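Reviewing the structure listed below.
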């Protein structure tokens, strides 16, 4: 049986604004699932809070729409309880880098085998347009009326610097490429991070589709994603060009590989050894 | 500006922001969450426009917002924050700490239901989770009271007999997003009513001290006792502040409690927050039909007004508690505490507790009348009204 993207479509109709970038992510995600022919009953999509975190409700797979910022720990919990399940954690830039920022480095350096997709719109959409941790300096919002003065976080550079073994960037306006990237992220063994530039058409009037379409460029064909320093450098290019593609990929023992390795060396205790000394 | 007292039609959130501005806080820290956002957006605009000289920081979570105002208050500043629901729950760890350190922060707890399932709509399950934190808790019935309560809150919090943080419960959307005419006091009046905060202990190089150090069993109980004592002192202070406010601004919406047509009432509804307004209207209607019905508003939930409640409603035959919360595994929180207030008293009225309006479900006239009918038939320990049986079928 060959599955199609429709097999992953849920019964709920997305509540996103017409034109929201997150539609592109949903489509690419379903395409990727279909291409990998994953059983919907063996996928868990875990999210936090935010517009993009509504995504699990729109899929026919298992899902948890959880607490703001806590998607990664909950996703890791699912993976620990059942390592056979394909865990995809999704959410926005606020969920990942503001309220949940503390969890990201630890999931990454643990190299637990899951995929984390962050839809970056550089603004808080669900609460109607406040400044986000990925907003540019001087960006004006209702909570930064005279312009933001805090440096934006660069998600891909951040992920690589804290130890993610896969870091990529896509654009929700380029669904075919995004599908390839999601497939690569899911098939990567270990913590795979994917930033998706996903414009908020309602509240972000600066970082629009047009803004990104003029800048988004695939990484050069000769680029090799095996150098952390180079990867961070390329991820930080943001002026005239914003690169998309796989910035960094490394094969490394995953969390579960380590646990298996440790367990191999552990000698089981015999019942006799458990008996307390009688002297 | 602010030289003439004026009546204006404002959104509830804007009214709160205006009240906070008039109180001249030094530090504001917040994280956006629906339906609190308009309050902090308005304050953010006021700071940016130079109408309010305060440090306003947009932090990365509610835990950080609470922590930032804790730090500011410890340094001797007048500090303010606002949140709701999940954000409130995320603050909870810090709220205990804030009260324990005796820091008079004022917090607007916009009231919203809690997850799971996720809801953005109103009930008061969120702030009631802070029942035992040491926070003084006041609940506003309408937008004017919410505005006035903020001005009173700083005065109560900073009173040296109290020195506790104060939270103001304000129904999300029902109050925060509705427009009502409100009277805005002048800056001069508020300055006279609320002098600058004079901390007893604060972090200053002039007299170095450490707050919140680890204690051993020989100190901890006394520290908690003093916290309890401060809550007891707050009873008197809330009453005094409400009186002083009445003299200064000509408005009184109750102190620890407020009563409406209770004196000769045979049936008394009890509630908190905006639901009280609905109950007043229904009581008025029932009075016209010749039924002796009254309403008791719990304005201060902490300190809990045990004696005042008993005095106000012990003449009634039936007391009906209508509340938008549930202490799962027990009963509605208010009903539970009101029953406790009556233990060992004479003339105990019959009492029924109803859970209504969770997650934004409308509490209609029919809802309340159904509760009245049921309570007249028999006593209800804890009954949910308006349940949809179709949604309750076992799967």
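Derivation of every value follows stated rules applied to the coordinates shown; laboratory data play no part. The model shown is predicted, which means the values in this text are computed figures rather than measured ones. Every residue, glycine as well, gets a Cβ built from its backbone with ideal geometry; the counts of neighbours run over all protein chains shown.
Over all directions, average the projected area of the Cα convex hull of the range A:34-75 and note it in nm².
On the way: hull surface 12.3 nm².
Average of the hull's projected areas for the range A:34-75 equals 3.1 nm².
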For residue B:311 and residue B:7, compute 0.36 nm times the residue count separating them, minus their Cα-Cα distance, and round to one decimal in nm. 105.9 nm
Gain in span if fully extended, residue B:96 to residue B:222, counting 0.36 nm per residue against the direct Cα distance: 43.8 nm
The convex hull of the Cα atoms of chain A, divided by residue count, gives a volume in Å³ per residue of 174
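Tell me, A:263, B:272, B:149 in order of fewest to most beta-carbon neighbours within 10 Å?
Values: A:263 9, B:272 29, B:149 26.
Neighbour counts put them in this order, fewest first: A:263, B:149, B:272.
Under the classification rounded if a/c is under 1.5, otherwise prolate if a/b is larger than b/c and oblate if not, where does the range A:1-145 fall, given a ≥ b ≥ c as square roots of the Cα gyration tensor eigenvalues? Spell out each step's value before the answer.
On the way: a/c = 2.36, a/b = 1.40, b/c = 1.69.
The shape class here is oblate.
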I'd like the orientation of helix A:255-265 relative to chain A: the angle between its Cα long axis and the longest Cα principal axis, in ° from 0 to 90, rounded to 10. 10
For the range B:50-165, rounded, prolate or oblate, judged on the Cα gyration tensor with a ≥ b ≥ c (square roots of eigenvalues), a/c < 1.5 rounded, else prolate if a/b > b/c? rounded
Computed label-point distance, nm, for sites residue A:227 and residue A:264 using a 7 Å Cα→Cβ extension: 3.4
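Computed FRET efficiency, Cβ-Cβ of residue A:252 and residue B:204, R0 45 Å: what is it to the nearest 0.05? Mind dumping the intermediate values first?
Values: r = 51 Å, r/R0 = 1.12.
So, using R0 = 45 Å, E works out to roughly 0.35.
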Relative contact order of the range B:6-249 (C-alpha contacts under 8 Å, at least 6 apart) in percent is 24
In percent, what relative contact order does the range B:147-277 have, based on Cα pairs under 8 Å that are 6 or more apart in sequence? 34
Need one number: nm distance between label points at residue B:183 and residue A:183, each 7 Å from Cα along Cα→Cβ, rounded to one decimal. 7.1
To the nearest 0.05, how large is the calculated FRET efficiency for residue B:384 and residue A:42 if R₀ is 41 Å and r is the Cβ-Cβ distance? 0.60
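Kirkwood Rh over alpha-carbon pairs of the protein assembly as shown, then Stokes-Einstein at 25 °C and 0.890 mPa s: what D in µm² s⁻¹, rounded to an integer? Working shown, then result.
Working: Rh = 27.5 Å.
Estimated diffusion coefficient is 89 µm²/s.
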Fewest to most Cβ atoms within 10 Å: B:343, A:124, A:146 sort as B:343, A:146, A:124
Nearest 10 degrees, 0 to 90: what angle lies between the long axis of helix B:143-158 and the longest principal axis of chain B (Cα atoms)? 50
Between 0 and 90°, nearest 10: helix A:175-187 axis offset from chain A longest Cα axis: 20
Per-pair calculated FRET efficiency, R0 = 41 Å: residue B:115 and residue B:284 via Cβ, rounded to 0.05: 0.65
